[in-house]
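Taking it in order: structure first as structure tokens, then the write-up.
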Amino acid sequence: MAFQISKELITEVQHLVQNAGDKKLRSMLNEIHFADIAEIIGELNLTEATYIIKLLDSEKTSEALMELEEDFRERILENLSAKEIAEELEEMDTDDAADVIAELPDELAEEVIAEIEDEKHAEDIKELLSYGEDTAGGLMAKELVRVKETWTIAGCVREMRRQAKNVTRVHSIYVVDKEDKLKGRLSLKDLLTAPTKAQISDVYIPKVDFVDVDTEGEEVARVMQKYDLEAIPVVDHEGVLVGRVTIDDIVDFIKDEAEKDYQLAAGISQDVEADDSVLELTRARLPWLILGLFGGLGSVFIMEGFEDALAKYKELFFFTPLIAAMAGNVGVQSSAIIVQGLANDVVKGSLFNRLVKEISLSLISGITLGILVILFGLIIGMEMDFSLTIAISMLCVIIVAALIGTFVPIILDKRGIDPAIATGPFITTSNDIFGIFLFFYIAKLMLQF
């Protein structure tokens, strides 16, 4: 059963903080999981949260810090000295420590690294900071268990015991040669059943999935998902084993990427959160709103060009929002499916086959909706030729909107641009313009004005 963070518990923690009840507070929180401590800290103000971080041992608070919202963690770190931050980092895995260092101002980051007593830990952190943030090198941790192919089983077990002290979770045992180049992996079953005098080279599994330090995070996630891996080794350009990416890091990466894509799809061009400043939120939202403004103005000019049509058939004006809405909805649906497919690497095959498929889907949807429009026209007593005009216009608009929603993300992806930008305002605005133009142009042809 999960531990429940009640209002009464938060109130008690606040009371102990305010009255310096350190002994009771330390005893109470030390019995709680670090994730629950993070949840408690998240409910406190900055002063109270900082007090708890300073009160508890770094072994406990280092993990709790990583569970906090990034902005709140940064504010807490601003209230800690370089030495206090270094003490927290020494208890973290290298990948988490590197993430925290990356959040600090450059000058403070250098001071913190200088304060880390474990020189090897500090060097590992600096190495991770040298890689791209969204690459395998930037996502990996240095902590892992490696054994030499020339060792005996007995020697391997002794060395594994020593290495495992610094590894939070042992997902795999990696086998390397004398130059630390990755050779394969070692099965725990084979390790336990093999004779103690046997060499690792006789029992290890030479086939092992791995990624290069420069492999993009999306590709790392795809490989781990495809082969159902809990961890994957990372090698440098010479094949030397330098780290591993674990499933928890990939889950965090996927979550961050999904949030970015969702914001792009909603027309937010920067990574922002609800509690960011008004200026930051405005900078993130305004560019796409400006695009929408120009798109709307474009629609106005298009309608102005068909002023005669509106004068003769005033009913066309009332169906304009319907056409624009259908174009936007169909375009967003098509683009959302393609963007999801590109992210999961399932958009394959020729563009021609994709074209045929989208046209077929659009025809089915357009004809169905067109029939409903005609039936609606019969119910309200609308002239048949006018109903047919609306239905055929809608059919054409749906086909064009679906094609735009399908091929724009594909083209953007081929050009190295995040296809998520194609959903939302971009597709909606472009389809509004094309949809309204097609609507009035087809109406002009069919109604002959």
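The values are calculated or read from the model by the stated rules, or taken from the named source; none is laboratory data. Computed from a predicted model, the values in this text were never measured in an experiment. We place every Cβ from the backbone using ideal geometry, glycine too, and count neighbours over all the protein chains shown. Calculation scope for accessible area: heavy atoms of the full protein, side chains included, ligands and nucleic acids excluded. Shrake-Rupley method; radii C 1.70, N 1.55, O 1.52, S 1.80 Å.
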Checklist outcome for this item: Taking placed amide H atoms and a strict 5 Å upper bound, the residues 5 or more places from Val175 or on another chain that come that close are Val147, Lys183, Gly184, Arg185, Leu186
Checklist entry - Just the accessible area per residue of segment 1-120, please: how many Å² with a 1.4 Å probe? => result 56
Checklist entry - To the nearest 20 debye, what is the magnitude of the charge dipole of the chain about its Cα centre, counting +1 on the Cβ of each Lys and Arg and -1 on the Cβ of each Asp and Glu? => result 2340
Checklist entry - lysines near Lys207 by alpha-carbon distance under 19 Å, same-chain residues fewer than 8 away left out - which ones? => result Lys148, Lys178, Lys181, Lys183, Lys189, Lys226
Item to check | Mean residue ellipticity (222 nm) of the chain, computed from DSSP H runs ≥ 4 via -39,500 (n - 2.57), nearest 500 | outcome: -21500 deg cm²/dmol
Checklist outcome for this item: Relative contact order of segment 65-131 (C-alpha contacts under 8 Å, at least 6 apart) in percent is 36
Checklist outcome for this item: Here segment 98-114 yields Karplus 3J(HN,Hα) values (6.51, -1.76, 1.60; θ = phi - 60°; whole Hz; Gly and Pro given as x) of 5, 4, 5, 4, 5, 7, 8, x, 3, 5, 5, 4, 5, 5, 5, 4, 5
Next on the checklist: I need the phi-derived Karplus couplings for segment 126-139: 6.51 cos²θ - 1.76 cosθ + 1.60, θ = phi - 60°, integer Hz, Gly and Pro marked x.
Outcome noted: 4, 5, 5, 5, 7, 8, x, 4, 9, 10, 4, x, x, 8
Checklist entry - Put +1 on the Cβ of each Lys and Arg and -1 on the Cβ of each Asp and Glu in segment 283-402; which of Gly366, Phe317, Ile380 then has its Cα farthest toward the positive end of the dipole? => result Gly366
Checklist outcome for this item: Percent antiparallel among DSSP beta bridges confined to segment 104-254, rounded to 5, stands at 70
Checklist entry - From the backbone phi of segment 13-26, what are the Karplus-calculated ³J(HN,Hα) couplings (6.51 cos²θ - 1.76 cosθ + 1.60, θ = phi - 60°) in whole Hz, Gly and Pro given as x? => result 4, 4, 5, 5, 5, 5, 10, 6, x, 4, 4, 5, 5, 5
Next on the checklist: Strictly over 24 Å apart at the Cα level, which of Lys126/Lys414; Lys83/Lys120; Lys83/Lys255; Lys142/Lys255 would you flag in this model?
Outcome noted: Lys126/Lys414; Lys83/Lys255
